[in-house]
Each structure stands twice: as C-alpha cells, then as structure tokens.
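The values are calculated or read from the model by the stated rules, or taken from the named source; none is laboratory data. Values in this document were obtained by computation on a predicted structure and should not be read as measured data. In case anyone asks, the SASA skips ligands and DNA or RNA and just uses the protein heavy atoms, side chains included. Shrake-Rupley method; radii C 1.70, N 1.55, O 1.52, S 1.80 Å.
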Amino acid sequence: MALQRAVAIGNGKGGCGKSSTAAAVAGLSAAADYEVVLVDLDPQGDLADELGVRDHPDNDGGDGLLRAVTAGVPLPKPIQARPNLYLVPGGPALYDLSGVLLSRQSRGQSVSDALTNALQPIADNAELCIIDTPPGDVLLQNLALTAARWLIIPTTVDTSSIRALHNIADRVGEARRDNGDLEVLGVVLWNIPVAAKRIRREARATIDQVLGKGTTMFTTTIRSAPAAAYEVRVQGKLVHELAEAVEGAEPFWKALREGRKSALQAQPQRSPLNTYN
C-alpha cells in the first residue's frame with residue numbers, strides 16, 4: 001500500500017527540473033506550516049545544495065537511506081533544513097542501491113516495497129512526504145512510484161522529453177501492479193514562455209496521448225534563467241526565499257496557506273519563481 005501523504009517527483013530524463021520542483025514544493029509547504037519530509041533518492045544528492053546543507057554534519061551522502069532500504073534498519077534522524085522541513089539526504093552511497101536490490105530480485109526476492117517500508121515510520125509522522133527520483137535508474141524510479149500516492153511530472157517539450165514521458169508512463173503502469181493507489185497529480189512544464197500558446201496546446205495534446213486524457217497540466221509554467229539557478233544553489237536558498245528578498249514582497253507561504261495567489265505571482269515577469277532552472 002502506498003504512503004498516503006507521499007508525492008513522487010519523476011521523469012525519465014535529467015534536466016527537467018525535478019529536484020528544483022521537489023525543493024520548491026517542500027519549502028513552500030513547510031513555510032505554510034506543514035511538516036514536510038523531503039527524500040532525496042538521487043545519487044547526485046542535489047537537494048542538499050538546493051537547501052544549503054551540503055556541508056551539514058548529518059549529511060551522510062545517502063548511506064543511511066541505503067542501509068534503511070537494504071538492511072531494514074531505522075533511518076537516521078533527518079536533517080532539519082528549515083522550520084518544518086526535514087531532509088533525508090541522497091548521495092553517492094545510493095549508486096550501490098540498485099545493485100543490491102537487483103541481486104535480491106535475481107534470487108527471487110521481492111523488493112518492490114523496500115522503500116515504502118523504510119520510509120513508513122517517518123512518512124506517517126509528517127503531513128507531506130516528497131520523494132525526488134533519479135532520472136536514469138529504472139529500479140529506483142519504480143521503488144519511489146510504489147511508495148507514493150501521487151506523482152508530479154516536470155517536463156520540457158523537446159523530443160527527448162517526449163520520449164521520457166513515454167518512459168515514465170511505462171513506470172507508472174509497472175508500479176500500479178504493486179501500488180493500485182498511484183495517481184498522476186499533474187504535469188508541470190519547464191522552459192515554456194508564458195505567451196507560447198501554440199507550444200502549450202501541443203504539450204497538452206502530447207500529454208493526453210501519452211498519459212491519457214484528463215491528466216492535469218498545471219497552468220503555471222516555469223521559465224529558465226541560468227543566473228537565477230546559480231544563485232539558488234550557491235546561496236542555498238529556495239526560489240521563494242530569493243523572491244521574498246525583493247523589497248515589499250509578500251511571503252509566498254502566506255498566500256499558499258490562504259489558498260490564493262501572492263502579489264509576486266500576479267507579476268510573473270518580476271518573480272524568480274518563473275526564472276529558476
């Protein structure tokens with residue numbers, strides 16, 4: 001059974017904004033007073049940079065997550081990266097995870113619920129659990145989709161990204177054999193100009209074709225600006241934190257908690273939310 005408050009962020013390729021989406025959603029939700037656990041299942045461990053905790057003494061490079069999934073030991077205490085926001089760090093140790101689990105599969109052991117079991121204690125005590133997935137590791141993607149109740153798919157609309165949509169659709173089908181609760185929460189478009197109506201129409205048609213009609217495509221699109229992306233990771237600040245540094249800007253979390261748009265969202269040309277990578 002899926003972790004009922006878990007959302008996986010996934011796509012079949014890199015460079016689509018998965019980690020940035022995961023960090024932004026987690027950070028905004030935590031700022032709005034929800035208790036959030038953010039799980040980095042990627043061996044690159046980029047969420048530590050997004051949150052500014054790369055050098056934190058409890059950043060074990062994914063070793064604790066590896067041992068929890070493969071040996072069934074409890075997860076180490078997560079890193080508190082912000083008030084209400086806790087990170088289960090990823091990193092190089094996770095390069096060994098697929099090999100261990102594939103070896104067990106070859107001996108006839110089921111591993112589909114290994115991540116679910118590892119995360120269950122911490123996920124049950126949080127209001128939201130967000131799992132960031134690696135782009136190229138099919139087994140780790142399947143583990144995340146088996147654990148999650150929902151899936152958010154960040155994507156661009158280039159040819160390779162369209163192929164990746166087909167790949168993630170296949171992963172969803174496979175995961176539903178073990179997790180019938182899994183649903184696609186929606187698709188978020190990256191690197192799409194706000195005024196590009198034709199591109200949005202074509203993206204809508206592609207999403208309907210690949211993932212099925214009725215799949216939500218979020219109305220907000222994310223534009224790319226390398227300079228803003230650089231600042232986010234160098235400073236270890238989330239994009240809404242940079243946005244709130246603008247003089248007089250209303251905190252994003254306040255509008256989120258009240259279920260309305262913030263002043264910055266009403267002026268997308270001035271907001272870093274629409275320009276980070």
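The order of Asp96, Asp137, Asp55 by accessible area, most exposed first and with a 1.4 Å probe, is Asp55, Asp96, Asp137. Distance between Cα centroids, the stretch 5-65 to the stretch 135-191: provide it in whole Å. After rounding, the separation between the Cα centres reads 17 Å. Accessible area per residue for the stretch 1-117 is 40 Å², calculated with a 1.4 Å probe on protein heavy atoms, without ligands, DNA or RNA.
Candidate cross-link partners of Lys197 among the aspartates and glutamates, defined by an alpha-carbon separation under 19 Å and a same-chain spacing of 8 or more, comprise Asp158, Asp208. Heavy-atom accessible area, probed at 1.4 angstrom with all protein chains present, ranks Val39, Val210 as Val210, Val39, highest first. The portion of the accessible surface of the stretch 101-156 made up by carbon and sulfur, rounded to a whole percent, is 49 (1.4 Å probe; DNA, RNA and ligands excluded).
In terms of the Cα gyration tensor, with a ≥ b ≥ c the square roots of its eigenvalues, is the stretch 63-181 rounded because a/c is under 1.5, prolate because a/b exceeds b/c, or oblate? Taking the square roots of the gyration eigenvalues as a ≥ b ≥ c, the stretch 63-181 is oblate. Sorted largest first by accessible area at a 1.4 angstrom probe radius, with every protein chain in place, the residues Arg176, Arg107, Arg82 fall in the order Arg107, Arg176, Arg82.
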